[in-house]
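Here is the structure we will look at, set down as structure tokens.
None of the figures in this text is laboratory data; all of them are computed from the coordinates on show. Predicted model, so just to flag it, every value in this text is computed and none were measured. Every residue, glycine among them, receives a Cβ derived from its backbone with ideal geometry; neighbour counts consider all protein chains shown.
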Amino acid sequence: MTAVARPAAGVPSALTATLFAVYLAVLTWLVVFKLQLPHIGPDSARALKLIPFVATSSAGASATWEVLANIVVFVPFGVYLGLLVPSWPWWKAAGAAAGASAALEVAQFVLATGKTDVTDILMNAAGGLAGFGLALVTRRAFAGRAAGALTGVLTMGTVLVLLAAATVVLGPPGGTAPPRGPGVIGIHP
């Protein structure tokens with residue numbers, strides 16, 4: 001019998017790193033382009049909201065579903081960090097999630113594709129931290145089996161997200177493709 005090469009303990013697998021790259025690409029497409037073809041929006045589409053949760057002169061209050069969606073969409077980010085860099089302290093994982101979120105929010109502003117909102121950065125960081133904690137708790141509870149199980153769950157999730165993305169791009173089976181353009185599909189109203 002031949003031995004199957006496995007990464008040394010603490011070394012991320014190529015599959016996990018690849019899945020994280022796919023997740024980041026889909027996350028960028030979701031947050032920056034709202035599942036639309038990449039584009040630059042009109043200047044009038046730019047909105048900057050620096051006060052979290054409440055309405056401002058340029059943007060309404062954060063809807064509960066939007067706040068929850070911003071948490072949920074970043075949980076996988078934290079799980080990936082928990083698998084790829086499990087030795088990081090919690091504050092580093094939260095900082096990485098906040099930094100990634102801030103980069104996406106800045107891209108939205110520069111490209112005029114959505115509302116740039118501090119609430120999103122805070123909630124994305126919370127989601128990333130929750131995912132990081134989930135990965136660490138799972139690793140402690142299930143010792144050596146956790147990384148494989150979490151990678152399996154992430155693989156299934158990635159396949160489902162890619163199938164969902166394909167339906168957005170290709171349109172519903174037997175129907176007409178959804179309309180294209182800024183603001184047609186998105187998380188932000």
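What to note about this one:
- Relative packing of 13-23, 65-75, which averages over residues the other C-beta atoms within 10 Å, highest first: 65-75, 13-23
- Packing-based ranking of 30-42, 151-163 yields 30-42, 151-163, ordered from highest to lowest mean Cβ neighbour count within 10 Å.
- For THR113, the residues whose modelled amide H falls within less than 5 Å of its own, excluding neighbours fewer than 5 places apart on the same chain, are GLY41.
- A simple rule links phi to the HN-Hα coupling: the Karplus curve 6.51 cos²θ - 1.76 cosθ + 1.60 with θ = phi - 60°, which for the stretch 37-52 gives 4, x, 7, 10, x, x, 4, 5, 7, 6, 9, 10, 10, 9, 9, x Hz, with x for Gly and Pro.
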